[in-house]
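Undergrad: Got a structure here, written out as structure tokens. Questions coming.
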Amino acid sequence: MLKKQISKIENGPSILTIYIGFKKSPKEIGNNVYSKFIFDNSISGINDLHENSLADFDKRSFVFVDYSQIDSALAPEGKALGVICTMDYISNWNNLNTEEYRLKKEEVATIFIDRLNIELPGIKELIGYVEVATPKTIERYTLNPDGSPYGFAQTVKQSARNRINNKSKIPNLFYASAWTSPGGGFSGAILAGYTCALKVKKELS
């Protein structure tokens, strides 16, 4: 019954993450913010965001996070870690052989780093290492279908009331993840775990 129920629910999007190891902190070229959102000129309102998430990588909006702005301890003294992150879908990475996959990752990383360099001139020269994680990476290491860390798609049609309940129909079996109610991201997963724990506690008592 559960398999039949979830077969009708659309999975949410995934993410593309470009991990950047900096030889020096981006602070040295004047970056003074923790996160910087870069939106394409095609976006004039919230209704444009979904279409943009399907656009080519040279137009897709993204966020750059500079962990050197906080005491993250993620990099050695004098160096820094940053990430570029954007919405993505596993369909963009399917049907590629090993070499094609590697080359596409390099191409996409270059596109976003060049775009970031326009916003923060000189940041390219600070880069010492780059690693790209695609939706296939997320699917491989987390086993989330389609590499979606957000669970089922957050749409009006698939509102919280239509999500999987924390308590299954099998005695003593409970669910807690971004794929259950309320779903969506780490906040949803945390709330799902909390509400699930409360239900388990109630059952045990």
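The values are calculated or read from the model by the stated rules, or taken from the named source; none is laboratory data. None of the values given here were measured: they were computed from a predicted structure. Cβ placement follows ideal geometry from the backbone for every residue including glycine, while neighbour counts extend to all protein chains displayed. The area values use the complete protein model at the heavy-atom level, side chains included, leaving out ligands, DNA and RNA. Shrake-Rupley method; radii C 1.70, N 1.55, O 1.52, S 1.80 Å.
Undergrad: Where Lys and Arg each count +1 and Asp and Glu each count -1, what net charge lies around Leu126 among other residues with Cβ under 12 Å from its Cβ?
TA: Net charge around Leu126: +2.
Undergrad: Please calculate how many Å² of accessible area the stretch 124-205 carries per residue, with a 1.4 Å probe and no DNA, RNA or ligand atoms counted.
TA: The answer is 65 Å² per residue.
Undergrad: How much net charge surrounds Pro135 when only other residues with a Cβ under 14 Å from its Cβ are counted (Lys, Arg +1; Asp, Glu -1)?
TA: Computed value for this residue: +2.
Undergrad: What accessible area, in Å² to the nearest ten, does a 1.4 Å probe give for Asp58?
TA: 80 Å²
Undergrad: I've got another one for you. At 1.4 Å probe size, with no ligands or nucleic acids counted, give the accessible surface of Ile138 in Å², nearest ten.
TA: Number for this one is 30 Å².
Undergrad: Could I ask something else about it? Of Trp179, Trp93, which has the most accessible area with a 1.4 Å probe, and how do the rest follow in descending order?
TA: Result, largest first: Trp179, Trp93.
Undergrad: When the accessible area of the stretch 131-205 is split by element with a 1.4 Å probe, what percent falls to carbon and sulfur?
TA: Result for the stretch 131-205: 62 percent of the exposed heavy-atom area is carbon or sulfur.
Undergrad: What is the chain's relative contact order, in percent, from Cα pairs under 8 angstrom and six or more apart in sequence?
TA: RCO, the chain: 25 percent.
Undergrad: Work out how much length Thr98 to Tyr34 would gain on full extension: take 0.36 nm times their residue separation and subtract the Cα-Cα distance, in nm to one decimal.
TA: 19.6 nm
Undergrad: At a 1.4 Å probe radius, carbon and sulfur cover how many percent of the accessible area of the stretch 9-85?
TA: That share works out to 51 percent.
Undergrad: Still on this structure, please answer the following. Could you sort Ser53, Ser42, Ser72 by accessible area so the largest value comes first, with the probe set to 1.4 Å?
TA: The ordering from most to least exposed comes out as Ser42, Ser72, Ser53.
Undergrad: Using a simple charge model, +1 on the beta-carbon of Lys and Arg, -1 on the beta-carbon of Asp and Glu, nothing else, what dipole does the chain show about its Cα centre, in debye to the nearest 20?
TA: 1300 debye
Undergrad: Counting only complete DSSP H runs, which helices of the chain cover 30 Å or more along their long axis at the Cα atoms and score a mean Kyte-Doolittle of -1.0 or above?
TA: 98-119
Undergrad: Let me ask another. Ranked from the most accessible area to the least, with a 1.4 Å probe and all protein chains present, what is the order of Lys104, Lys136?
TA: From most accessible down to least: Lys136, Lys104.
Undergrad: What figure in square angstrom, to the nearest 10, would you give for the accessible area of Glu125 with a 1.4 Å probe?
TA: 120 Å²
Undergrad: Would you mind checking the pairs Lys3/Lys36; Lys3/Lys59; Lys8/Lys136; Lys3/Lys199; Lys3/Lys201; Lys104/Lys167 and listing those with alpha carbons more than 30 angstrom apart?
TA: Lys3/Lys36; Lys3/Lys59; Lys104/Lys167, as the Cα separations exceed 30 Å there.
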